[in-house]
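Student: Please see the structure below; I have some questions.
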Amino acid sequence: MSTNVIQKEFDWAAELEKTVIKSLTTSFGLDFLLFNDKLGGNVDTIHNARNSVYATKIEENRYLQKEKYNSDLYHQDPNYKARGKSDKAKHQQGTLTDTYRNSTLKQNEKRQLDHVISAHEIEQDAGRILAELDGVKLANQDSNLSSTLAYINTKKSDKSVEEFVASIPAAIQEKQNSLEKNKAKLAFLPNNTPEEQDNRRKLEDKIRNEQSHIDALQSVNKDTMLAADKKARSAYNSQVNWNYYTSSKFFKNSSSEAGKAGLSMGLRQALGLVLAELWFELKEAIPRIYQSVKTNFTLDNFVSHIKNTLKNIWERIQLRFNNLLLSFKDGVIGGILGSLTSTLWNAFQTIGGNIIKLIRETWSSLVQAAKLIFFNPDKLALGDLMKELSKIIGLAVATSLGTILNQYLSTLLTFPFGDSLAAFLSALVVGLMTLGMSYFLDHSELMQKV
């Protein structure tokens with residue numbers, strides 16, 4: 001008795017068919033035609049460029065065709081020279097601080113002006129090139145210049161501060177090994193003839209130099225050096241990010257891609273509705289036409305049935321015209337927000353494929369939920385409103401899991417039509433999960449009490 005009631009109230013087969021068809025004609029059927037969810041998205045970002053992930057060939061080629069690094073351009077810059085002159089005066093007065101060692105440079109110590117972030121690194125930085133900023137000017141800002149011992153600057157070369165600091169223990173050990181060998185060699189070196197005395201003096205000079213190099217490396221204050229690097233990079237990255245993300249180039253590209261995604265999403269939702277209506281009408285019409293013409297086939301009769309079927313399809317679509325417009329509008333909004341969210345995410349972490357699709361599907365559901373909460377077009381009571389919201393959330397979760405399953409099955413089912421089978425199975429899973437949620441909300445005794 002109870003089984004009959006359930007079947008009467010909730011037609012599982014019909015509802016499952018509707019849900020699967022809707023999923024197939026939207027998320028798992030039209031996405032591959034309308035969207036290209038590639039790694040990194042469709043808008044170039046500083047983060048992605050620095051990881052060699054480009055959305056456009058134009059920016060990738062501009063990086064690949066960059067000018068060759070010219071050290072002279074960086075070391076002949078007026079600001080570099082002016083800072084060097086200023087530091088030289090402080091050095092002679094005994095007031096120049098060596099940030100790398102957190103001490104005052106002695107007047108007898110040889111000084112050099114270093115680029116905290118090396119000029120070579122700035123020249124090669126894909127983020128700077130994407131932002132179209134002058135590397136020479138960025139490298140020679142006061143925030144990126146620091147005087148230090150000449151040997152430390154030479155040893156650091158074009159390494160980053162982190163790389164240089166990490167290399168210090170090995171460099172000290174190497175110098176100490178060489179120093180011990182030379183000391184041992186000096187102990188047995190003869191000192192009789194002028195030539196032998198000259199060789200001994202040369203070896204003694206070498207030992208003194210090695211000891212001074214060891215002292216210099218040991219005097220490096222890792223904390224203050226890393227702090228200087230952090231400060232310089234913060235200033236540098238702020239300028240690169242600000243100049244790019246507030247540029248007309250980024251605004252044009254991100255708004256253009258958001259617009260395209262919005263139109264594609266709107267078209268997907270509307271076209272999915274049309275295809276679903278087309279399927280439901282054909283499902284009823286084809287058996288009827290077959291029964292009519294199988295015993296008495298005439299071309300006129302067959303054409304007449306086709307015309308009637310097309311007319312019925314058109315009438316179905318006309319009846320749902322308002323729904324088509326609403327689906328298109330909601331799809332446009334969800335697509336725009338999904339695209340902007342994906343671009344924002346790619347500014348901090350490289351994403352693509354499944355995650356971009358999940359973001360898009362999530363926004364599609366959030367738009368429906370927001371419309372329901374703020375406008376409540378059907379004037380639902382609070383309990384019914386919460387139930388409908390729960391269904392939307394359930395659909396979003398089901399679609400997300402279906403998307404993950406689709407990606408997994410697509411890599412697993414590599415035979416012909418494997419992608420189609422993966423799409424169908426994913427849509428079926430979405431349908432079953434959505435149906436289970438809908439049934440629970442509509443028929444569960446617990447939910448009725450809630």
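Student: Report whether or not residue 313 is farther than 29 Å from residue 281 by Cβ and of a type in the set (Val, Ile, Thr).
Tutor: Spelling it out, it is not the case that residue 313 is farther than 29 Å from residue 281 by Cβ and of a type in the set (Val, Ile, Thr).
Student: Next question. Scan (1) out of contact with any helix residue (DSSP H, G or I) (no Cβ under 9 Å at 6 or more places or on another chain); (2) at pLDDT 85 or above for the single condition residue 261 breaks and write down its number.
Tutor: Looking at each condition in turn, residue 261 falls short on (1).
Student: Also, I was wondering about something else. Residue 99 fails exactly one of the following numbered conditions: (1) surrounded by fewer than 18 Cβ atoms within 10 Å (Cβ to Cβ); (2) farther than 30 Å from residue 38 by Cβ. What is the number of that condition?
Tutor: (1)
Student: Shifting gears a bit: Out of the residues in segment 111-136 that are among the acidic types (Asp, Glu) and farther than 30 Å from residue 90 by Cα, which is nearest to the chain's Cα centre (by Cα)? Working first, answer last.
Tutor: As a first pass, look at segment 111-136 and keep what is among the acidic types (Asp, Glu): 114, 121, 123, 125, 132, 134.
From what's left, farther than 30 Å from residue 90 by Cα: 125, 132.
Working: 125: 18, 132: 21 Å.
Result: 125.
Student: Just name the residue that is nearest to residue 151 (Cα to Cα) out of those in segment 172-188 that are of a type in the set (A, V, I, L, M) and surrounded by fewer than 14 Cβ atoms within 10 Å (Cβ to Cβ). Even if it seems obvious, please write down each step before you answer.
Tutor: First pass over segment 172-188, keeping only residues of a type in the set (A, V, I, L, M): 172, 179, 184, 186-187.
Right, trim to surrounded by fewer than 14 Cβ atoms within 10 Å (Cβ to Cβ) and you get 184, 187.
Values: 184: 25, 187: 28 Å.
By that ranking, first place goes to 184.
Student: Any residue that is assigned to a helix (DSSP H, G or I), of a type in the set (S, T, N, Q) and under 30 Å from residue 306 (Cα atoms) - is there at least one of those in segment 265-273? Can you show your working first?
Tutor: Applying the first criterion (assigned to a helix (DSSP H, G or I)) to segment 265-273 yields 265-273.
Keeping just the survivors that are of a type in the set (S, T, N, Q) gives 269.
Next cut, under 30 Å from residue 306 (Cα atoms) only: 269.
Checking segment 265-273: at least one residue is assigned to a helix (DSSP H, G or I), of a type in the set (S, T, N, Q) and under 30 Å from residue 306 (Cα atoms).
Student: Would you point out which residue out of 61, 48, 102 is in contact (Cβ under 8 Å) with a residue 24 or more places away in the chain and not assigned by TED's automatic domain parsing to the domain that holds residue 231? So that I can check it myself, show each step before the final result.
Tutor: Details: 61 fails: in contact (Cβ under 8 Å) with a residue 24 or more places away in the chain; 102 fails: not assigned by TED's automatic domain parsing to the domain that holds residue 231.
That would be 48, the only listed residue that is in contact (Cβ under 8 Å) with a residue 24 or more places away in the chain and not assigned by TED's automatic domain parsing to the domain that holds residue 231.
Student: Turning to a different aspect of this structure: Hey, does segment 203-214 have a residue that's touching a helix residue (DSSP H, G or I) at 6+ places or on another chain (Cβ under 6 Å) and either outside the structural domain of residue 74 (by TED's automatic domain parsing) or in contact (Cβ under 8 Å) with a residue 40 or more places away in the chain (or both)?
Tutor: Taking every residue of segment 203-214 in turn, at least one turns out to be touching a helix residue (DSSP H, G or I) at 6+ places or on another chain (Cβ under 6 Å) and either outside the structural domain of residue 74 (by TED's automatic domain parsing) or in contact (Cβ under 8 Å) with a residue 40 or more places away in the chain (or both).
Student: Another question, if that's okay. Would you be able to tell me the number of residues in segment 270-325 that are in contact with an Asp or Glu (Cβ under 9 Å, 6 or more places away or on another chain) and more than 30 Å from residue 34 (Cβ to Cβ)?
Tutor: 0
Student: Filter segment 326-357 for residues that are touching an Asp or Glu at 6+ places or on another chain (Cβ under 8 Å) and hydroxyl-bearing (Ser, Thr, Tyr); which is surrounded by the most Cβ atoms within 10 Å (Cβ to Cβ)?
Tutor: Filtering first and then ranking leaves 339.
Student: Something else now. Given 303, 332, 293, which one is of a type in the set (Val, Ile, Thr) and under 39 Å from the mean Cα position of the chain (by Cα)?
Tutor: Testing whether each residue is of a type in the set (Val, Ile, Thr) and under 39 Å from the mean Cα position of the chain (by Cα) leaves just 332.
Student: Could you list all residues from segment 276-294 that are over 14 Å from residue 309 (Cα atoms) and not small (Gly, Ala, Ser)?
Tutor: Within segment 276-294, 291, 293, 294 meet the criteria.
Student: Another question about this same structure. Return only the number of the condition from (1) surrounded by fewer than 19 Cβ atoms within 10 Å (Cβ to Cβ); (2) of a type in the set (Asp, Glu); (3) out of contact with any Phe, Trp or Tyr (no Cβ under 6 Å at 6 or more places or on another chain) that residue 60 does not satisfy.
Tutor: Here residue 60 clears every test but (3).
The values are calculated or read from the model by the stated rules, or taken from the named source; none is laboratory data. Small disclaimer: the values here were computed from a predicted structure and weren't measured. Backbone-built Cβ (ideal geometry, glycine too); neighbour counts: all protein chains shown.
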